[in-house]
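The values are calculated or read from the model by the stated rules, or taken from the named source; none is laboratory data. As the structure is a prediction and not an experimental result, all values here were calculated from the model. Ideal geometry is used to build each Cβ from the backbone, glycine not excepted, and the neighbour counts take in all protein chains shown.
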Amino acid sequence: MKSSQFPVTYFANSFSSKKMFLNRNDLKVWQMIIVTIFLVFLMLNPVAINASKTPNLKLGDIMPSLSKEILKTDVGIFQEIKIENNQLVETKTKKVSDAIFINGSKEDFEKIKSGLNFETNQLVIKDENGLIFQLRYTESWDFSKLTSINDVNTWLTKEWNIQNTSYRILSTFFLVGLLVLSSTLFLIFGTSFFLWLTRKNHLSTIKTFKESVNITLNALFLSTLIAVVVGLVYYDVSMMLMIQAFGLAIEVLIIFAKTKFNDTLAVGGSLH
């Protein structure tokens, strides 16, 4: 039975332009979903392998409200904060500005939308968008070296990237994954719709949208594979997506050239 041969039949069809067309009814709907997921995850392999090369994120992009609050603060407030042996020297509770607490209670800190709370062993930062992070004190924390509030913002951005590498990688992977998913779905349904429209041509033997999707998924494998190989050699997501889309377009043109989207012509027959 054909269903028992999946996914072998899919890969076999994907290496022959005529089979891509003639076997356009091989895949069932649930198999199409599996193939789509497979193609997306295949594209994400270079992303996962190059995850450690994820560029630093700007704190202003992650926590925009907090960044604005910091830029409104006098740098002198930070210069007076002392960290020794990875601990805050000050033991009293203070609210030094509208957005900065020293040893502030959780109740008081919850009252503000965005701000900093210098606790005994860590700095808690939060933004009104709901993000909250804890940064542990290290030997490199010396606010006396910061001469401007821009220096503070730059330093905090650097420290956040160092201590939140996993979050940075996962968030970037998620965003790239969403981009790959949306791009792949757009290619599948966009190309399938184009193929489905050819049913109005008297030569075309494509009758249903499902057949068009099957042809597209068959044609998409090689271009996706090439995009992944290129991505493993030279990692560039935009280039990978371009290769995938351009390769699919070329494959569809080849299918048309060899079959004219007609079963009789595909097997070498004649319409007359």
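Some points to look at:
- Unique match (being under 21 Å from residue 140 (Cβ atoms) and among the β-branched types (Val, Ile, Thr)) among 40, 75: 75
- Test: residue in region 145-160 that is over 30 Å from residue 263 (Cβ atoms), among the β-branched types (Val, Ile, Thr) and not in a helix (DSSP H, G or I): yes
- Residue check for residue 46: farther than 30 Å from residue 205 by Cα, in the same structural domain as residue 131 (by TED's automatic domain parsing) and within 24 Å of the chain's Cα centre (by Cα): no
- Some residue of region 30-41 being part of a loop (DSSP other than H, G, I, E, B) and at pLDDT 90 or above: no
- Among the residues of region 85-109, those that are assigned to a loop (DSSP other than H, G, I, E, B) and charged (D, E, K, R) comprise 90, 92, 98.
- Condition met for residue 21 (of a type outside the set (D, E, K, R), in a loop (DSSP other than H, G, I, E, B) and in contact (Cβ under 8 Å) with a residue 60 or more places away in the chain): no
- In region 83-101, residue surrounded by the fewest Cβ atoms within 10 Å (Cβ to Cβ) [restricted to those that are touching a residue at least 24 places away in the same chain (Cβ under 8 Å) and among the charged types (D, E, K, R)]: 98
- Of 198, 191, 120, 184, all but one fail to be over 30 Å from residue 211 (Cβ atoms) and β-branched (Val, Ile, Thr); the exception is 120.
- Flag: residue 52 matches the condition of being hydroxyl-bearing (Ser, Thr, Tyr), loosely packed, with under 15 Cβ neighbours inside 10 Å, out of contact with any helix residue (DSSP H, G or I) (no Cβ under 7 Å at 6 or more places or on another chain) and in contact (Cβ under 8 Å) with a residue 12 or more places away in the chain.
- Index of the failed condition, residue 4 passing every other in (1) within 30 Å of residue 146 (Cβ to Cβ); (2) in a helix (DSSP H, G or I); (3) modelled with pLDDT under 85: (1)
- Residue check, residue 78 in contact with a strand residue (DSSP E or B) (Cβ under 8 Å, 6 or more places away or on another chain), outside any loop (DSSP other than H, G, I, E, B) and crowded, with 18+ Cβ neighbours inside 10 Å: no
- For region 167-215, the candidate set comprises residues that are surrounded by fewer than 15 Cβ atoms within 10 Å (Cβ to Cβ), closer than 20 Å to residue 46 by Cβ and aliphatic (A, V, I, L, M); within that set, the residue that is modelled with the highest pLDDT is 185.
- Leading residue by the ranking (farthest from residue 64 (Cα to Cα)) among those in region 108-160 that are surrounded by 18 or more Cβ atoms within 10 Å (Cβ to Cβ) and small (Gly, Ala, Ser): 115
- Residue in region 185-194 that is under 30 Å from residue 75 (Cβ atoms) and in contact with a helix residue (DSSP H, G or I) (Cβ under 7 Å, 6 or more places away or on another chain) present: no
- The requirement of being closer than 20 Å to residue 190 by Cβ, touching a residue at least 40 places away in the same chain (Cβ under 8 Å) and not in a helix (DSSP H, G or I) is fulfilled nowhere in region 223-246; no residue meets it.
- Members of region 30-45 found to be surrounded by fewer than 14 Cβ atoms within 10 Å (Cβ to Cβ) and touching a helix residue (DSSP H, G or I) at 6+ places or on another chain (Cβ under 7 Å), listed by number: 45
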